[in-house]
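Structure first, then comments.
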There are 2 protein chains.
Amino acid sequence: MKQTEQQEFYMDAEQFLKNVAVDNVILGYHDKELKVLLQKPFIVNKWTITGGHIRKTESIEEAASRIALERTGLKDLFLEQFRSFGSPNRAKDETFNAKSITEKTGFEIPPDLWIFDYFVTVGFYTLTEFSKVAPTKGAYDDDCQWWPINELPPMLFNHENMIQEALKALSVNIAHHPIGYELLPEKFTLPQIHALYESILGKSLDDRNFSRKLLVNGILIKLKETKKIGAHRSPFLYTFDKEKYDLGLQNGDVLVF
Amino acid sequence: MKQTEQQEFYMDAEQFLKNVAVDNVILGYHDKELKVLLQKPFIVNKWTITGGHIRKTESIEEAASRIALERTGLKDLFLEQFRSFGSPNRAKDETFNAKSITEKTGFEIPPDLWIFDYFVTVGFYTLTEFSKVAPTKGAYDDDCQWWPINELPPMLFNHENMIQEALKALSVNIAHHPIGYELLPEKFTLPQIHALYESILGKSLDDRNFSRKLLVNGILIKLKETKKIGAHRSPFLYTFDKEKYDLGLQNGDVLVF
DNA sequence: TAATATTCCGTTAATTTGACGGAATAAAAA
DNA sequence: TTTTTATTCCGTCAAATTAACGGAATATTA
């Protein structure tokens with residue numbers, strides 16, 4: 001951390017709310033598995049989910065959106081609150097304190113700096129189309145990249161638990177909101193959306209029953225095109241019927257798989 | 001507000017987190033309708049849902065619990081987060097500012113007092129057994145009482161909306177968690193729980209189909225006793241099978257009514 | 001031309017849902 | 001004592017949905 005950077009670090013604090021911040025589990029889907037976008041702050045040897053502080057001029061949703069935009073380059077992402085976390089012990093991570101940060105960075109940090117305060121964080125999850133995301137690290141990070149949900153690196157605080165909670169909320173919400181729209185490319189095949197649901201729900205779903213359920217409720221439109229997938233029969237492409245898709249939410253009907 | 005009270009008011013601030021608090025929609029069920037416990041702070045002519053600040057030594061759940069205990073006299077209440085709210089405009093209520101509070105209370109209030117800050121609030125709802133609750137006002141309230149969900153008094157900030165959100169979350173959660181346990185007395189009749197579900201879901205449910213669904217899944221135990229209800233056939237009493245009740249949660253099965 | 005991996009369609013039995021009628025009971029009214 | 005009234009509570013049946021399963025079609029590579 002350079003001198004000027006540290007000054008910003010202090011000054012910035014004035015613009016933000018104290019004791020409360022947002023954390024955002026940014027999810028993408030690639031290679032038949034869910035991935036989460038993580039960042040590695042350079043003051044500590046652990047990874048964190050993306051997150052940041054709330055400006056005094058913005059709502060919590062705006063804060064989460066702004067930070068998601070910084071990390072992904074994408075606007076208007078699908079974003080949903082799933083839980084807030086707050087406990088005085090939460091920040092008790094042996095690697096996150098003035099002493100060990102000074103050892104690592106060589107920079108003097110007051111032990112009562114505001115970043116060590118008790119923070120309540122409002123947890124969001126964001127669904128993104130993997131291929132559109134350009135992972136971008138923040139000013140205080142030395143890395144930012146996708147990690148498979150099942151092979152996470154060592155994480156700071158309770159962030160691994162927060163990811164689990166986000167996934168649990170997602171697998172509940174999937175019954176009320178057809179998730180695929182945000183996680184899949186515009187055109188996709190039945191096997192693709194089938195595999196997506198399997199990885200979110202963590203169980204295998206009979207392919208015939210699965211597609212029947214999606215097709216009868218009418219949110220999918222079958223296209224004339226097929227997708228070339230190499231040495232196999234070419235699957236048809238589908239796209240969402242946005243109107244029916246949005247409608248499905250309101251009627252309060254439930255899709256149980 | 002007396003002099004000493006005001007001093008406390010200032011001093012207390014140091015013990016609490018800034019910019020973040022909890023709000024708690026305490027629900028009870030009585031006379032075939034849902035009721036919500038509201039308080040009326042004496043600094044303003046509107047009602048609020050119960051809520052308060054978070055001590056630096058407690059988690060958000062502990063804060064919500066502590067405040068619920070203060071208002072109801074009950075420990076170990078069923079408490080669930082449903083959403084957090086935060087927007088810089090949230091506290092923009094024409095009746096909530098230093099000037100109009102001074103007019104009402106005759107006490108000098110600095111216009112930048114911390115209570116006017118931007119607060120993110122973590123929203124909980126609590127399910128209580130109506131008859132066990134002893135509504136108790138806080139140090140800064142002049143009243144605390146039950147209000148029927150459908151006849152609410154004028155409310156401060158976005159509190160009416162928060163109640164709606166809590167109810168929406170409850171009606172979703174009811175599919176994953178058998179709610180009755182917290183809202184009904186230990187022994188209750190089928191018509192009672194039937195009416196409870198109707199008022200939570202806001203629609204009428206065929207009594208025969210309703211009881212069939214509850215009985216096949218086995219969470220109810222039929223007792224030998226009946227309940228005297230005056231000039232009518234005496235309904236049998238039931239109680240929850242706590243084990244199966246808790247089990248229902250885990251298996252991820254869904255009860256759609 | 002055969003082998004392989006994948007898509008995709010259809011049937012059937014079991015289960016669940018939705019819609020409905022009518023007998024039993026407790027007390028009050030006649 | 002009998003009738004009326006309001007409420008509990010049980011059962012049936014048709015329709016819809018779910019779960020389980022096999023096999024033909026297709027696109028490539030061997």
Going through region A:125-207, which GluC sites (Glu not before Pro) have at most 12 other Cβ atoms within 10 Å and a DSSP loop state? A:Glu151, A:Glu186
In whole Å, what are the extents of region B:141-215 along the principal axes defined by its C-alpha atoms, from largest to smallest? 44, 23, 20
For the protein assembly as shown, what D do you get in µm² per second when you plug the Kirkwood radius from alpha-carbon pairs into Stokes-Einstein at 25 °C and 0.890 mPa s? 95 µm²/s
Once phi is turned into θ = phi - 60°, what whole-Hz ³J(HN,Hα) does the Karplus curve with 6.51, -1.76 and 1.60 give for every residue of region B:168-174, x standing for Gly and Pro? 4, 4, 4, 6, 7, 5, 4
Work from the charge dipole of chain B (Cβ charges, +1 for Lys and Arg, -1 for Asp and Glu, about the Cα centre) and give the residue of B:Val256, B:Val20, B:Gly52 farthest towards its positive end. B:Val256
On a 0 to 90° scale, report how tilted helix A:190-201 is relative to the longest principal axis of chain A, with both axes built from alpha carbons and the result rounded to the nearest 10. 40 degrees
Across B:78-88, the residue-averaged tally of Cβ atoms belonging to other chains within 10 Å stands at 5
Computed on Cα atoms only, the convex hull of region A:180-250 has an orientation-averaged projected area in nm² of 5.3 nm²
What FRET efficiency comes out for A:Lys104 versus B:Leu69 if R0 is 45 angstrom and r is the Cβ-Cβ distance? Round to the nearest 0.05. 0.55
Taking each residue in A:51-64, count the Cβ atoms of any other chain within 10 Å of its Cβ, then average. What number comes out? 3
Distance violations [Cα-Cα > 21 Å] among B:Lys35/B:Lys224; B:Lys35/B:Lys75; B:Lys203/B:Lys228: B:Lys35/B:Lys224; B:Lys203/B:Lys228
What ³J(HN,Hα) values, in whole Hz, does the Karplus curve 6.51 cos²θ - 1.76 cosθ + 1.60 give for region B:106-116 when θ = phi - 60°, with x put for Gly and Pro? x, 10, 6, 10, x, x, 9, 4, 4, 5, 8
Cross-link table B:Lys187/B:Lys244; B:Lys32/B:Lys213; B:Lys92/B:Lys132; A:Lys213/B:Lys244, entries beyond 26 Å C-alpha to C-alpha: B:Lys92/B:Lys132; A:Lys213/B:Lys244
Dipole magnitude of chain B about its Cα centre (Cβ charges: Lys, Arg +1; Asp, Glu -1), debye to nearest 20: 980 debye
When the Kirkwood radius is taken over all Cα pairs of region A:3-159, what Stokes-Einstein diffusion coefficient follows at 37 °C and 0.692 mPa s, in µm²/s? 202 µm²/s
Please tell me the relative contact order of chain A in percent, rounded to the nearest whole number, where contacts are Cα pairs under 8 Å and at least six residues apart. 22 percent
Folded to 0 to 90 degrees: helix A:3-12 orientation relative to chain A principal axis, Cα: 70 degrees
Shielding of A:117-123 by partner chains, average beta-carbon count, 10 Å: 5
Proximal charge balance of A:Ala169 [Cβ under 11 Å; K/R count +1, D/E count -1]: 0
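We did not get these values from a lab; they are worked out from the coordinates using the rules stated. Please read these numbers as outputs of a predicted model, since none were measured by experiment. Glycine gets a Cβ as well: all are built from the backbone with ideal geometry, and neighbour counts include every protein chain shown.
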